[in-house]
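S.K.: Quick one: the structure is below, and I'll ask about it shortly.
The values are calculated or read from the model by the stated rules, or taken from the named source; none is laboratory data. Fair warning: this is a prediction, and the values are worked out from it, not measured in the lab. Neighbour counts run over all protein chains shown; Cβ positions are idealised from the backbone, glycine included.
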């Protein structure tokens, strides 16, 4: 085979390929990171809903008349440190209380529920 003076790739072509590969790699990396972050947020949401259900169940059997009108923190040894649970009780009438419970993580509300409790 005989090679002419114009055979091969130029430095500009190599640089274009490197830039395209770099951009493609960056897009793939950020896409993977977005999927991982979405997965973590989903796990946090599922855990928050589970905590919300457990706290609401525990609060409905407690004496809510002591905390009417106050925003109160709910504490228990089974609540992970990253989460905070607060609740508010409102007296509607005839022994029926409105119980609003919310679960937060990193100052962001992940789960919230409002229910009526008859005592």
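S.K.: Here are some conditions: (1) surrounded by 11 or more Cβ atoms within 10 Å (Cβ to Cβ); (2) farther than 30 Å from residue 38 by Cβ. Residue 61 meets all but one. Which one does it not meet?
M.R.: Of the numbered conditions (1) surrounded by 11 or more Cβ atoms within 10 Å (Cβ to Cβ); (2) farther than 30 Å from residue 38 by Cβ, the odd one out for residue 61 is (1).
Table: residues versus (1) part of a helix (DSSP H, G or I); (2) touching a strand residue (DSSP E or B) at 6+ places or on another chain (Cβ under 6 Å); (3) modelled with pLDDT under 95; (4) within 17 Å of residue 103 (Cβ to Cβ).
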{"position": "4", "(1), (2), (3), (4)": "no, no, yes, no"}
{"position": "8", "(1), (2), (3), (4)": "no, no, yes, no"}
{"position": "22", "(1), (2), (3), (4)": "yes, no, no, no"}
{"position": "27", "(1), (2), (3), (4)": "yes, no, no, no"}
{"position": "53", "(1), (2), (3), (4)": "yes, no, no, yes"}
{"position": "62", "(1), (2), (3), (4)": "no, no, yes, no"}
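S.K.: Residue under question is residue 98, and the condition is that it be within 16 Å of residue 117 (Cβ to Cβ) and in a loop (DSSP other than H, G, I, E, B); does it hold?
M.R.: The answer is no for residue 98.
Condition check ((1) surrounded by 14 or more Cβ atoms within 10 Å (Cβ to Cβ); (2) in contact with a helix residue (DSSP H, G or I) (Cβ under 6 Å, 6 or more places away or on another chain); (3) over 28 Å from residue 93 (Cα atoms)) across all residues:
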residue	(1), (2), (3)
33	no, no, yes
41	no, no, yes
45	yes, no, yes
65	no, no, no
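S.K.: If a residue has to be farther than 15 Å from residue 53 by Cα, modelled with pLDDT of 90 or more and over 23 Å from the mean Cα position of the chain (by Cα) to count, how many in segment 97-118 make the cut?
M.R.: 2
S.K.: Among the candidates 24, 72, 56, which residue alone is free of Cβ contacts under 8 Å to residues at least 60 places away in the same chain and loosely packed, with under 11 Cβ neighbours inside 10 Å?
M.R.: One residue alone meets the criteria, 24.
S.K.: OK, next. Considering each of 79, 85 in turn, give the residue that is touching a strand residue (DSSP E or B) at 6+ places or on another chain (Cβ under 7 Å), in a loop (DSSP other than H, G, I, E, B) and closer than 19 Å to residue 113 by Cα.
M.R.: Result: 79 is the single residue among 79, 85 that is touching a strand residue (DSSP E or B) at 6+ places or on another chain (Cβ under 7 Å), in a loop (DSSP other than H, G, I, E, B) and closer than 19 Å to residue 113 by Cα.
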